[in-house]
Amino acid sequence: MGGVEDEEPALKRMKLSSKGLVALSNGSSSKEPVGGLSRDFMARPLPSKGDEQVVGSKGVIKKEEFVRIIAKALYSLGYGKSGAHLEEESGIPLHSPAVNIFMQQILDGNWDDSVATLRKIALADESMFRSASFLILEQKFFELLNGENVMEALKTLRTEIAPICINSSRIRELSSCIVSPSPRVARVRSRSKLLEELQKLLPPTVMIPEKRLEHLVEQALILQREACPFHNSLDKEMSLYSDHHCGKDQIPSSTLQILEGHDDEVWFVQFSHNGKYLASASNDRTAIIWEVGVNGGLTVKHRLTGHQKPVSSVSWSPNDQELLTCGVEEAIRRWDVSTGKCIQIYEKAGTGLVSCTWFPCGKYILCGLSDKSICMWDLDGKEVESWKGQKTLKISDLEIMDNGEEILSICKPNAVLLFNRETNNERFIEEYQQITAFSLSKDNKFLLVNLFNQEIHLWNIEGDPRLVGKYKGHRRARFIIRSCFGGLTQAFIASGSEDSQVYIWRRSSGELIEALPGHSGSVNCVSWNPANPHMLASASDDRTIRIWGLNCLHNNYQNVPSNGIHHHCNGET
């Protein structure tokens, strides 16, 4: 649950013309003179042509900075003539004469002169000068060593690098290169790469960072995207030609299909990780695997029978090739998605299984038991490990982090336990109301907690858990109602409700965006397709599953084969 960077010119090795960097074949340097240089090497304010010092209607963009950044972008894109023309016409050079000489000296390998010029640039920070000098002299050291000039390399290390007195561990690594060269120690870089490294050290006023203009434009697009309350379209659809704004038409708010394959209340739905399947669990003691067609329509792939009690939840394997189904305090069954056959039954004498999930590696499963313990099994049904005590409740969700270490479960009516199985460290999310369900975000950084008092809370679980968001408006009085993250970058929160509607909020602001009518019974669970931000599924006590999508897509679903499916539009038959 970013913009595309511009391609760099094909030739990475660079040399300086009188106005900036131009392409140069790898391993060589240009002797072309750098024109337009004065004898004044000291860094000073760059000249500005004309009286206008700012551009733009807000008066916050400095003209000199603006022109220099544009010139830098032109050179980076390979438009050297245009960059040089901009410098000449504006009277604003990209770099000062001293910086131009310094860059040319680096590309030519004039190490001692480049260090002297660096000093004349008059950097305000002495530590910055020493760090930059260290990089330059390290380059000199490696090029001497590569040229088998070992004695000169040793002399450079002893008399030039060591006296700088920074990074003593790196000096020891360089010394070891003379005695016994090691591949673990970074070797010589290209001189253009050295310039890029130096650029990161020096103030941006001296050397403008690479791709600065692209970075500023990307920031502007990201800010517009984050400010858009309905953003749910791919970033590649954003344009520089106009300000970005999405309408509600990007939110799945139209019923595209109604799936009627179950004979009783549908309690749980979950899309597969790849978005190609939807699994549903029902009070009719069956689960169904639905396949998402090429055109987005869903059809029954397999009806899974064998449970002796209602099926409360399902869990997809990491590779989506297998599915777990959990009966209410009964057994867990593992199914082959391609064939629909039951591969394994997991049960424990004297206790019922109440929840299940997969280990990230796909080699083990976790189960919550009615005796409040958590059990870990291999795929063949052998118990590998178990954790006793108050680890889970009879009615509980169960998750494990992607690193396979931290297990999440409802351990008390008002608390979620985050238990590290490697260190036995325990963290808790404690609420003031009873917890009915929770959902883990795709990046494992947030937990969505459903409460008895008709609120949904968003917790940041990095480090010490902290409450960062609340969502209100849905109804919950008697049943377990589940919610989920969804949409592009999981920017939305969706939830079922006992008033027969599906609720959608903007995750960042908590603003209620939609309340979708259509079901005729309590909506127990929702699932947003992780591969399609415009597809949402909801499961209801009315024995149906609704597939929600964009209004503009409704007509595309009128001729999908039924296969246990009835087609309706926004709740109407």
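Things to note:
- Filtered by the rule that a residue be among the hydroxyl-bearing types (S, T, Y) and not in a strand (DSSP E or B), the stretch 315-337 gives a lone residue, S317.
- Verdict on V337 being within 21 Å of S527 (Cα to Cα), among the hydrophobic types (A, V, I, L, M, F, W, C) and open to solvent by less than 40 Å² (accessible area, probe 1.4 Å): yes
- Residues (farther than 18 Å from V311 by Cα and buried (at least 23 other Cβ atoms within 10 Å of the Cβ)) located in the stretch 248-265: I251, P252, T255, L256, Q257
- Look at the stretch 238-254: where a residue is closer than 18 Å to G518 by Cα and at pLDDT 90 or above and a partner is polar (S, T, N, Q) and open to solvent by less than 70 Å² (accessible area, probe 1.4 Å), sitting 6+ places away or on another chain with Cβ atoms under 8 Å, you get I251/N232.
- Hey, L240 open to solvent by 30 Å² or more (accessible area, probe 1.4 Å), part of a helix (DSSP H, G or I) and not small (G, A, S) or not: no
- Within the stretch 511-530, being modelled with pLDDT of 95 or more and either out of contact with any strand residue (DSSP E or B) (no Cβ under 7 Å at 6 or more places or on another chain) or part of a loop (DSSP other than H, G, I, E, B) (or both) holds for P517, G518, H519, S520, G521, S522, N529, P530.
- Pairs meeting the criteria (first residue in the stretch 413-434 and farther than 21 Å from L366 by Cα and outside any strand (DSSP E or B), second residue open to solvent by 10 Å² or more (accessible area, probe 1.4 Å) and of a type in the set (S, T, Y), beta carbons under 7 Å, at least 6 apart or on different chains) are N414/Y432.
- Of the criteria (1) assigned to a strand (DSSP E or B); (2) closer than 21 Å to N524 by Cβ; (3) of a type in the set (K, R), which one R285 fails: (1)
- So I565, is it closer than 30 Å to N450 by Cβ, modelled with pLDDT under 95, of a type in the set (V, I, T) and crowded, with 18+ Cβ neighbours inside 10 Å: yes
- Each residue in the stretch 447-474 was checked for being of a type in the set (G, A, S) and assigned to a strand (DSSP E or B), and 1 of them qualify.
- Within the stretch 290-334, tally of residues that are open to solvent by 40 Å² or more (accessible area, probe 1.4 Å) and among the small types (G, A, S): 0
- Total residues in the stretch 358-375, condition in a strand (DSSP E or B) and open to solvent by 10 Å² or more (accessible area, probe 1.4 Å): 2
- There is no residue in the stretch 266-282 that is in a loop (DSSP other than H, G, I, E, B), at pLDDT below 95 and open to solvent by 40 Å² or more (accessible area, probe 1.4 Å).
Yes/no matrix, rows are residues, columns are (1) of a type in the set (V, I, T); (2) open to solvent by 10 Å² or more (accessible area, probe 1.4 Å); (3) closer than 23 Å to V266 by Cα:
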{"site": "P413", "(1), (2), (3)": "no, yes, no"}
{"site": "I429", "(1), (2), (3)": "yes, no, no"}
{"site": "T436", "(1), (2), (3)": "yes, yes, yes"}
{"site": "L448", "(1), (2), (3)": "no, no, yes"}
{"site": "W459", "(1), (2), (3)": "no, yes, no"}
{"site": "G463", "(1), (2), (3)": "no, yes, no"}
{"site": "R466", "(1), (2), (3)": "no, yes, no"}
{"site": "Y471", "(1), (2), (3)": "no, no, no"}
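- The criterion of being of a type outside the set (V, I, T), more than 16 Å from L195 (Cβ to Cβ), open to solvent by less than 70 Å² (accessible area, probe 1.4 Å) and at pLDDT 90 or above holds for A73.
- For C165: the one exception among (1) over 23 Å from D108 (Cβ atoms); (2) in contact with a Leu (Cβ under 8 Å, 6 or more places away or on another chain); (3) hydrophobic (A, V, I, L, M, F, W, C); (4) open to solvent by 60 Å² or more (accessible area, probe 1.4 Å): (2)
Residues checked against (1) more than 30 Å from S280 (Cβ to Cβ); (2) within 22 Å of the chain's Cα centre (by Cα):
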position: P203; (1), (2): yes, no
position: I222; (1), (2): yes, yes
position: D249; (1), (2): no, no
position: S253; (1), (2): no, no
position: E265; (1), (2): no, no
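- Cross-chain or 6+ apart pairs with Cβ under 9 Å, the stretch 45-62 first and open to solvent by 100 Å² or more (accessible area, probe 1.4 Å), then among the small types (G, A, S) and at pLDDT 90 or above: K49/S90; K49/G91
- Test for G389: is it modelled with pLDDT under 95, out of contact with any strand residue (DSSP E or B) (no Cβ under 8 Å at 6 or more places or on another chain) and either over 17 Å from I289 (Cβ atoms) or part of a strand (DSSP E or B) (or both): yes
- Across the stretch 107-130, the qualifying residues are those that are over 17 Å from R191 (Cα atoms) and among the hydrophobic types (A, V, I, L, M, F, W, C), and the one among them that is least open to solvent (accessible area, probe 1.4 Å) is I121.
- Count of the stretch 338-357 residues, restricted to those that are more than 33 Å from the chain's Cα centre (by Cα) and part of a loop (DSSP other than H, G, I, E, B), is 7.
- Which listed residue, of F446, F492, F428, is farther than 27 Å from E226 by Cβ and among the aromatic types (F, W, Y): F428
- Candidate set: the stretch 150-162, residues that are exposed (fewer than 14 other Cβ atoms within 10 Å of the Cβ) and farther than 20 Å from N110 by Cβ; chosen: the one farthest from the chain's Cα centre (by Cα): M151
- Within the stretch 186-234, the residues that satisfy the criterion of being open to solvent by 50 Å² or more (accessible area, probe 1.4 Å), part of a loop (DSSP other than H, G, I, E, B) and either farther than 24 Å from M128 by Cα or among the hydroxyl-bearing types (S, T, Y) (or both) are T205, L234.
- For the stretch 131-148, a tally of residues being surrounded by 14 or more Cβ atoms within 10 Å (Cβ to Cβ) and at pLDDT below 90 returns 1.
The values are calculated or read from the model by the stated rules, or taken from the named source; none is laboratory data. In this text the structure is predicted, and so the values were computed from the model without any measurement. Note: ideal-geometry Cβ built from the backbone for every residue, glycine included; neighbour counts use all protein chains shown. Surface accessibility is based on the protein's heavy atoms, side chains included, excluding ligands, DNA and RNA. Shrake-Rupley method; radii C 1.70, N 1.55, O 1.52, S 1.80 Å.
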